[in-house]
1. Based on what the data block shows, is B:P97 more than 30 Å from B:S210 (Cβ to Cβ), at pLDDT below 90 and in the same structural domain as B:Y74 (by TED's automatic domain parsing)?
2. Does A:R435 count as touching a Lys or Arg at 6+ places or on another chain (Cβ under 9 Å) and more than 25 Å from A:A120 (Cβ to Cβ)?
3. Would you confirm whether any residue within the range A:239-254 is within 24 Å of B:W133 (Cα to Cα), crowded, with 18+ Cβ neighbours inside 10 Å and either at pLDDT below 90 or within 14 Å of chain B (Cβ to nearest Cβ) (or both)?
4. Would you check if there is a residue in the range B:226-240 being of a type in the set (S, T, Y) and within 16 Å of B:I90 (Cα to Cα)?
5. From the list B:A120, B:A108, which residue is open to solvent by 10 Å² or more (accessible area, probe 1.4 Å) and either in the same structural domain as B:T2 (by TED's automatic domain parsing) or acidic (D, E) (or both)?
6. Suppose we filter B:K130, B:K161 for residues that are at pLDDT below 95, surrounded by 23 or more Cβ atoms within 10 Å (Cβ to Cβ) and either touching a Leu at 6+ places or on another chain (Cβ under 8 Å) or closer than 30 Å to B:A65 by Cβ (or both); which single one remains?
7. Within the range A:255-283, how many residues turn out to be surrounded by 15 or more Cβ atoms within 10 Å (Cβ to Cβ) and away from chain B (no Cβ under 14 Å)?
8. For the range A:1-89, please list each of the helices (runs of 4 or more DSSP H) lying entirely inside it that holds at least 2 residues being within 24 Å of B:V272 (Cα to Cα), touching a His at 6+ places or on another chain (Cβ under 9 Å) and away from chain B (no Cβ under 14 Å).
Amino acid sequence: MGKPKNSLFQYLGSLRLSIPLLFVIITMAVAGSLIPQNLTGEAYRKLFSPIAFKVLDKLQLFDVFHSVWFISLLALLALNLILCSWRRFPIVWQMARSRTAPLPAKTSSRIFQQQFQIPAESKTAAIARLKTSLQRNFASPREMTEDENLCLFAQKGAWSRLAVFVVHVSILLVLAGALIGAVWGYRAFVTIPEGESVAQVRLSRSGEVIPLGFEIRCDKFNVSFYDNSCRPKEFKSLVSIFDGGKVAADHQPIIVNAPLTYKGTSFYQSSYGPVGNPTLRIIARNRATQKETTHLITSSEAAPLPGSGFFRVVRFSSCFQNMGPVAIIEVDPGEGEPFILPVFRNVSDMDQAHNRGPFSFTLSSFEQPWYTGLQVNRDPGLWFVWSGFIFISAGLLMAFGFSHRRIWVSIFEQDNRAIIHVWGDSQRNPIAFERFFLHLCKILEADLALPEEEGT
Amino acid sequence: MTSILLFNITTVFLFAGMVLLFIYLACRKPRVFQAGFAAAIVSLGVLTAGIGLRWYESYQLLGEAGHAPLSNFYESMIFFSWTILLIYLIIHLRYRPRLLGALVLPLAFFALIGAQLSDASLNPLIPALKSNWLTYHVFTCFLGYAAFAIACCAAIAYLLKVHQEDSENTPVPGKNLASIFPPAQVLEEINYQAIMVGFLLLTLGIITGSAWAHRAWGAYWSWDPKETWSLIVWLIYAAFLHARISRGWTGRKIAWLSIAGFAATLFCYLGVNFLLSGLHSYGSM
């Protein structure tokens, strides 16, 4: 009973499996994109009824792309690709390599045919002319005999038949790279306040803390904005790396789209945030005497004003609408009601408009300690993925840009006439090929009709 | 002369071309087709100039923060319209399918209208978008989308053609709308050819996007809705390409698959931007 086993093997390596399998994967992916993924249990309970929650959770639909189902489907797809290539490769390899091919069946629908006749006595000369003409207008022909008749065969682009294998093997390469990355690589995240170092990072999926094997320090973080707007221009961390007592990187920048890689571990600028309150440098100017006093102040303190009264920072934002940094201060002039005042850095004279109390205020600068948030990642499968990507592109270009085209010309004698029969077929793009085929037949016929002396 | 003015002129020409091609459906006078097709060519020319001008304007307005006009929803819709017209022109030169235009031009027209309904402001790029990959990624993706759009139009034309062939017992030549469509086989071939081109371009789009995501976020694939949907589209067309070589998937079935593929493409472009949240949020209005 070897049959069923054999037919299962055939099924696993056939399109009868591939196409339904693709649709099942598509369905899973749609589900994974519509159901929010990897939220907390609490968040899901708000979205779904308890029963729906239970069912979806059991089916692993809250983490579709890492579910047993999905991974198994990808594995099945990989198996399908391997078996299909395994079965088809020898046949196609033979086709791509062979220099001749048997004359096509006359009934085949994808075959184009034309025939014309010449007097039988000029047959030998005609063969020579056909050869030259084919050589010049298509490809170098080879002679073969079919049913004791002479036949010429010429082909172009036979190697493009192999393109499909290049694509399929490359897809396997990408899947292998993804698997290697999942098993031996990691994705992690770390936050480092300015001036501090870390030697370990937290894995994004499991939350587990793992050692880096070296130490990384955030020397400085800076966010810059396009003039006066709140549109960020650049997020930049300066970091130093210390490995075994020596400095491996000194004040190296990490910006978005330009990560830093050390010993296979890459650091990407990902987020940032303030550490504690900013220190503001606010200048108070006495309107009467024009005398200025500079105050270094954090938002928790109150600063005394010369003479009497004081002010304190109520709120601070490093970016307010399109006016840059702003501090909201409360001024208590000592006599009269306290009042609230916005103080800008980029917009001067704003305070003039208020014109309250004996002092005018300007924000001269601010010092905000930041932390930087870095995505940390290690992926030994990356080169498999990249080479897979390159070969997929090359393979598709080869498959779609070229086509295996074949021309047969047979010559046989009948009733004192030599009948010349031209066949042609093309792996793809039959409409364009038909045009070419008709054109070629015209040329062949014209070349045969040339006067004797010119044709030889 | 501003780019906005040029886009308005394009809209007018596209509308005129669309109307002329509709009239052609009714009267089938070659002259009318030629006029409509000429309007489409002019549209493509003016649109090209408009996109070039907007590129120039971005440098004028933003100085060194100027950039290729491929950075937000407005610019992407205009570019989508441009790619549709470009691919249509290429297909036309190869196959001369006279009535495909009546299906294609409305798409280009509505893409342009969609652009004009959204925010046209020129802004400097946020850090995540500051990368050479931006141009390669958007360019390949949208050319791919446009190829799928043309394939979808060819599939619809194919279905109309076959429907007409089936339903008519006593054909009245010249009276039936679908009778002037190119032969069904040509339409099926256009569908297939456009999908081959689109599939290659979408593959390049996904790969460049993936390389860029790796560079910017440290992950070449993170199952973000945009990534997932681009894979869904890719898988649908992969199924299409394989279905064609296996038996049982011919004619109407394959035409419907092409239409489904373009529906998924539209969801990948518009649906994901407006209905699902993710990393591509700068693509929304």
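The values are calculated or read from the model by the stated rules, or taken from the named source; none is laboratory data. For clarity, every value in this text was computed on a predicted model and none was experimentally measured. Cβ: placed from backbone, ideal geometry, glycine included. Neighbour counts: every protein chain shown. Heavy atoms of the whole protein, side chains included, go into the accessibility calculation; ligands, DNA and RNA do not. Shrake-Rupley method; radii C 1.70, N 1.55, O 1.52, S 1.80 Å.
1. yes
2. Answer is no for this residue.
3. Looking for residues that are within 24 Å of B:W133 (Cα to Cα), crowded, with 18+ Cβ neighbours inside 10 Å and either at pLDDT below 90 or within 14 Å of chain B (Cβ to nearest Cβ) (or both), one finds at least one in the range A:239-254, hence yes.
4. no
5. That would be B:A120, the only listed residue that is open to solvent by 10 Å² or more (accessible area, probe 1.4 Å) and either in the same structural domain as B:T2 (by TED's automatic domain parsing) or acidic (D, E) (or both).
6. Exactly one of B:K130, B:K161 is at pLDDT below 95, surrounded by 23 or more Cβ atoms within 10 Å (Cβ to Cβ) and either touching a Leu at 6+ places or on another chain (Cβ under 8 Å) or closer than 30 Å to B:A65 by Cβ (or both), namely B:K161.
7. 8
8. Per the criteria, no element qualifies.
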